[in-house]
Amino acid sequence: MAQERYDVVVAGGGHNGLTAAAYLGRAGLSVLVLERLDHVGGAAISAQAFEGFPTRLSRYSYLVSLLPEQIRTDLGLDIELASRQTASYSPFLDGSRATGLLVETPEGEATAASFRAVTGSDEEYAAWQSFYSEVGELAQVVAPTLTSPLPTGAAIRSEVGAPIWRDIVERPLGEAVERRFANDLVRGVVATDALIGTFAGLGEASLIQNRCFLYHLIGNGTGEWRVPIGGMGAVTGAITKAAYAAGAEVVTSATVTSISGGAVGEGAEVTWTDASGSHTVAADYVLSGVAPYVLDGLLGHPAAAAKPVGAQLKINMLLSRLPRLRSGEDPEVAFAGTLHLGESYSELERAYAEAAAGSVPTEMPGEVYCHSLTDPSILGDVPPGTQTLTYFGLHAPATLFEDPATRSERKEQAVERAIASLDRHLLDPISSVVARTADGEPCIEAKIPQEIEADLAMPGGHIFHGDLAWPWAPDDADLTTPAARWGVATDLGTVLVCGSGAVRGGAVSGLGGHNAAQAVLELR
């Protein structure tokens, strides 16, 4: 720390905190970033996960969609995002017949033919095209607003068709999926975007599944999820470089223990501990990159809401080669995009019901990504044929693993069922193709919500820091203050939210950091 007072102190050196620091530093403000871990980046990092293999995995966050081109341009970020040749492949067993639904990037005749072969006609693909065309129109309206002050819901609603507004914003998503599509697998492939890190039934009245779905379809107006070349760490690395170039100071291994603030003009203070003891620094404003639930504790406030409940099982693997599929689909096509497992509509709803009743789903729904097919650079010097494989399991809420006495057993059960959901569609079971360390251990790393919380201080292991909000303001919202207009307000004028807990936070987007920085600049 170079001084005792800064214009802005950022608590949390994740990609959002660093984004805010870069913007504010470029505007001439003095900025101090405090990070609990011994490195910055939070969940958006790359790391060597398996001993003896130099491959650097994106262990926690995998793909990029919501990072606006404007932020990349504003900060001069040298980031390359590559499109995947396959959008998704969904293997399934039709009686004794192994087949699968292929969706290309971009969609072409092979996609149409796959829908026809799976569903028996062209009707489902026509419904698919119609639905996503309407979703695309909504995305085109919402995406440009993400780096501007919050619009109202009425303003967005006035620019889109009434049917898609009803289906996505006003009624549970499951109603639209069931009405628009007839095939169980197609319904599930559509619905799965509503359940990433979100524990909900598709008919949930709270509409948290609808909000999750919307965030997964609006990135840069296209909703395409791309692979960061060099791994997720390349994204954070570029933002970190921009923050340093702007003059921000970064202190790692600094655990923030308390934050105090007041009305605008009254300033704020942050206290943290490191190896040398406890330190306090003053600032005009404090930006919080930690989850709102954690921030309440740092402010000494009772939690405003219940602790978030994360809902995912993450499994990182390294394979000696890609396995062959029973359907006969080329593995380099099937694994190049999102491979859906156990994600037909009925399977998703059944898994939710089992998990809500307190049981690990009998058949774990999840999705698999092979980043190394799109970006071999992350592999390093490994034997030919080596590939990464990452599994993201749905309906694995933290509540399933809450009891320490049964946690290990339940985690093992969940991992076994996740791998079984993949093996069901393979000629080569994962155990036969997984790479092994020098001592014979399989290169498989699994994380339940409690372990994500321990690693990253995300309460409940919730990857969005809590349920996602609509990316606009209620029609009756008071938007008279900059913090409210930008969706980063707390009940203290000098303490703002800059992380995934901001109104438009969630995923690797930089939006929380960008919007908090804009609010501070307006306040000044």
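The values are calculated or read from the model by the stated rules, or taken from the named source; none is laboratory data. Here the structure is a predicted model, which means the values were calculated and not measured. FYI the Cβ positions are ideal-geometry reconstructions off the backbone, even for glycines, and counts take in every protein chain you see. What goes into the accessible areas is simple: the full protein's heavy atoms, side chains included, and nothing from ligands, DNA or RNA. Shrake-Rupley method; radii C 1.70, N 1.55, O 1.52, S 1.80 Å.
Compute the label zone of R116 within the range 165-189: residues whose backbone N is under 16 Å from the point 7 Å along Cα-to-Cβ.
No residue passes the distance filter.
If you add up the charges near Y244, with Lys and Arg at +1 and Asp and Glu at -1, over every other residue whose beta carbon is less than 15 angstrom from its beta carbon, what do you get?
-1
K411: which lysines have alpha carbons under 19 Å from its alpha carbon, excluding same-chain residues fewer than 8 sequence positions away?
K314, K447
Taking 0.36 nm per intervening residue step and subtracting the Cα-Cα distance, what contour gain separates E170 from T152 on full extension?
Numbers: separation 18, 0.36 × 18 = 6.48 nm, distance 1.49 nm.
Result for the pair: 5.0 nm of gain on full extension.
For T271 and S258 in one chain, what is 0.36 nm times their gap in residues minus the Cα-Cα distance, to one decimal in nm? Kindly include the intermediate steps, with their values, before the conclusion.
Numbers: separation 13, 0.36 × 13 = 4.68 nm, distance 0.53 nm.
Gain on stretching T271 to S258: 4.2 nm.
Under a plain spin-label model, where a point goes 7 Å from the Cα along Cα-to-Cβ, how far apart in nm are E137 and Q70?
Placing both labels 7 Å beyond Cα along the Cβ direction yields 2.4 nm.
Rank R485, R36, R504, R326 by accessible area, highest first, at a 1.4 Å probe radius?
Details: R485 70, R36 90, R504 5, R326 110 Å².
These residues rank, largest area first, as R326, R36, R485, R504.
With all protein chains present and a 1.4 Å probe, how do D74, D38 order by accessible area, largest first? The partial results should precede the final answer.
Values: D74 55, D38 115 Å².
Listed by decreasing accessible area, they come as D38, D74.
What's the FRET efficiency of D475 with E123 using the Cβ-Cβ distance as r and R₀ = 45 Å, to the nearest 0.05? List each step's numbers first, then the result.
Numbers: r = 38 Å, r/R0 = 0.84.
Efficiency, from the Cβ-Cβ distance: 0.75.
Suppose each label sits 7 Å from its Cα in the direction of the beta carbon; what would the R436-H301 distance come out to in nanometres?
5.4
How many angstrom lie between the C-alpha centres of the range 1-16 and the range 334-385?
38
Any idea what the relative contact order of the chain is, in percent, if you count C-alpha pairs under 8 Å spaced at least 6 apart? Can you show the working numbers first?
Working: 1197 pairs, mean separation 125.4, N = 524.
The value is 24 percent.
Out of all DSSP beta bridges with both ends in the chain, state the antiparallel percent to the nearest 5. Don't skip to the end; give the middle numbers.
Details: 48 of 68 bridges.
Antiparallel bridges: around 70 percent, rounded to the nearest 5.
Taking a point 7 angstrom from the Cα of K241 along the C-beta vector, which residues in the range 60-92 have backbone N less than 11 Å away?
76-80
In whole angstrom, how far apart do the alpha carbon centroids of the range 427-473 and the range 206-262 sit?
Each part's Cα centre sits 18 Å from the other's.
Taking 0.36 nm per intervening residue step and subtracting the Cα-Cα distance, what contour gain separates A47 from A454 on full extension? Each step should come with its number before you reach the end.
On the way: separation 407, 0.36 × 407 = 146.52 nm, distance 1.68 nm.
Here the answer is 144.8 nm.
Rounded to the nearest 10 Å², what accessible area does E123 show when all protein chains are kept and the probe is 1.4 Å?
140
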